[in-house]
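The values are calculated or read from the model by the stated rules, or taken from the named source; none is laboratory data. Since this is a predicted model, take the numbers as computed values, not measurements. Positions of Cβ are generated from backbone atoms using ideal geometry, with glycine treated the same way; all protein chains shown enter the neighbour counts. Calculation scope for accessible area: heavy atoms of the full protein, side chains included, ligands and nucleic acids excluded. Shrake-Rupley method; radii C 1.70, N 1.55, O 1.52, S 1.80 Å.
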Amino acid sequence: MRRMGMVPATALLLAAGCGEAGAGGKSAGDKPVQWCEIAESGVTLPSQVRETSGAALDPRGGGVFWSHGDSGSPPELFALGPNGEPQATLTLTGARNQDWEDVSLGACDGGQCLYVADIGDNGKDKKDPVALYRVPLPAAAGEHKARADRFQARYPGGPRDTEAMFTLPDGSIYLINKGQSEPIELYRWPTPLQPGPVDLVRVRELAPRAGQLGDRVTGAGASPDGTWVAVRTYSTLALYRTAELLGSGGPAYTLDLAPLDEAQGEAVAMGPGGVILLTSEGAQHHVPARATWLRCSLPAS
């Protein structure tokens, strides 16, 4: 692991204002992020999540986060400590991991739930609607089983390969498609949730089709207070003010993730106080999955 003190963002990750061009575009307007600190990098994750695709920070704190494997893995979520050590396993009964791509924490009746997005579709040939699983948040220690509620939805205009989901405190749920062969777009999952299938609502286009592999969207996550949303690609991290993301604005800041030397950047989660967790998949690159902890100074609103 590597621990670094507080230094200017430009020494670690490049930060700049962005406009309608999306995660890779640049325009004047916003001041740069004051600083982004790499608190920990090279955190090795266990073999159960070597193909980590999603991440969600546990709201009870302590640096615990939930993650899962990619397509074909068992329908399991794993609670991991800040140093990657396994702490809990949650098996979702009544669910299958066709192509799980992201996980988020959100409100539900009686408390907090984990939402798992079975939304991957590399060939855009999935005949079944995409699925969302919901299960109550268990204790972050021990082995657990719980029956998951299942919801289904369809994209307007046909299938989309998607890897990013985020939830907001008001209970709303959003998906962002990868942009492999079509524009990168933001979709809203209609709530209250119904077994479905329901029609996803297209909110807006975020960027044209990803011109390069590194520009494809692989994960998203909102801050606990809902004021910020992080959207990551293989090579960049875009930080949006939520109101602008849901409106017509571009990201306030973009950060170049190249200095992290991730094998295949996959997931992002936001915590309080500017904490950002990034994970990278290692299976196809014959290395372990890894996590990186950032701490960024972001305006309060």
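Evaluate the stretch 259-267: report whether one residue or more is assigned to a strand (DSSP E or B), within 14 Å of Cys36 (Cα to Cα) and out of contact with any helix residue (DSSP H, G or I) (no Cβ under 7 Å at 6 or more places or on another chain).
no
Could you please give the count of residues in the stretch 190-207 that are buried (at least 22 other Cβ atoms within 10 Å of the Cβ) and at pLDDT 95 or above?
Qualifying residue count for the region: 2.
Considering only residues of the stretch 263-277 that are open to solvent by 10 Å² or more (accessible area, probe 1.4 Å) and more than 11 Å from the chain's Cα centre (by Cα), which is nearest to Thr292 (Cα to Cα)?
This residue is Val275.
For (1) of a type in the set (Val, Ile, Thr); (2) farther than 20 Å from Val229 by Cβ; (3) open to solvent by less than 20 Å² (accessible area, probe 1.4 Å), each residue gets a yes or a no:
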site: Tyr133; (1), (2), (3): no, yes, yes
site: Pro136; (1), (2), (3): no, yes, no
site: Ala140; (1), (2), (3): no, yes, no
site: Ala148; (1), (2), (3): no, yes, yes
site: Phe151; (1), (2), (3): no, yes, yes
site: Gly158; (1), (2), (3): no, yes, no
site: Glu163; (1), (2), (3): no, no, yes
site: Phe166; (1), (2), (3): no, no, yes
site: Pro169; (1), (2), (3): no, no, no
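Which one of these is assigned to a loop (DSSP other than H, G, I, E, B) and either surrounded by 20 or more Cβ atoms within 10 Å (Cβ to Cβ) or in contact with a Leu (Cβ under 7 Å, 6 or more places away or on another chain) (or both): Ala210, Ala238, Ala230?
Residue meeting the stated conditions: Ala210.
Test Gly221 against the stated conditions and say whether it is open to solvent by less than 20 Å² (accessible area, probe 1.4 Å) and at pLDDT 95 or above.
Yes; evaluated as a whole, the condition is true for this residue.
Which of (1) modelled with pLDDT of 95 or more; (2) within 17 Å of Ala148 (Cα to Cα) does Gly111 not meet, given it meets every other one?
Only one criterion in (1) modelled with pLDDT of 95 or more; (2) within 17 Å of Ala148 (Cα to Cα) is unmet by Gly111, namely (1).
Could you please give the count of residues in the stretch 200-226 that are touching a residue at least 60 places away in the same chain (Cβ under 8 Å) and among the charged types (D, E, K, R)?
So the answer is 1.
Kindly list, by first and then second residue, each pair from a residue in the stretch 68-79 that is under 16 Å from Ala117 (Cβ atoms) and assigned to a loop (DSSP other than H, G, I, E, B) to a residue that is open to solvent by 20 Å² or more (accessible area, probe 1.4 Å) and at pLDDT below 90, limited to pairs with Cβ atoms under 6 Å and residues at least 6 apart or on different chains.
Gly69/Glu51; Asp70/Glu51
Pick from the stretch 171-189 the residues that are of a type in the set (Phe, Trp, Tyr) and touching a residue at least 40 places away in the same chain (Cβ under 8 Å): which of them is least open to solvent (accessible area, probe 1.4 Å)?
Among residues in the stretch 171-189 that are of a type in the set (Phe, Trp, Tyr) and touching a residue at least 40 places away in the same chain (Cβ under 8 Å), the one least open to solvent (accessible area, probe 1.4 Å) is Trp189.
Can you give me the number of residues within the stretch 170-206 that are assigned to a loop (DSSP other than H, G, I, E, B) and touching a strand residue (DSSP E or B) at 6+ places or on another chain (Cβ under 7 Å)?
Final tally of qualifying residues: 13.
If you go through the stretch 112-120 one residue at a time, do you hit one that is open to solvent by 10 Å² or more (accessible area, probe 1.4 Å) and either charged (D, E, K, R) or free of Cβ contacts under 8 Å to residues at least 24 places away in the same chain (or both)?
Checking the stretch 112-120: not a single residue is open to solvent by 10 Å² or more (accessible area, probe 1.4 Å) and either charged (D, E, K, R) or free of Cβ contacts under 8 Å to residues at least 24 places away in the same chain (or both).
Identify all residues within the stretch 80-105 that are in a loop (DSSP other than H, G, I, E, B) and surrounded by fewer than 19 Cβ atoms within 10 Å (Cβ to Cβ); write none if there are none.
Of everything in the stretch 80-105, those that are in a loop (DSSP other than H, G, I, E, B) and surrounded by fewer than 19 Cβ atoms within 10 Å (Cβ to Cβ) turn out to be Gly81, Pro82, Asn83, Glu85, Gly94, Arg96, Gln98.
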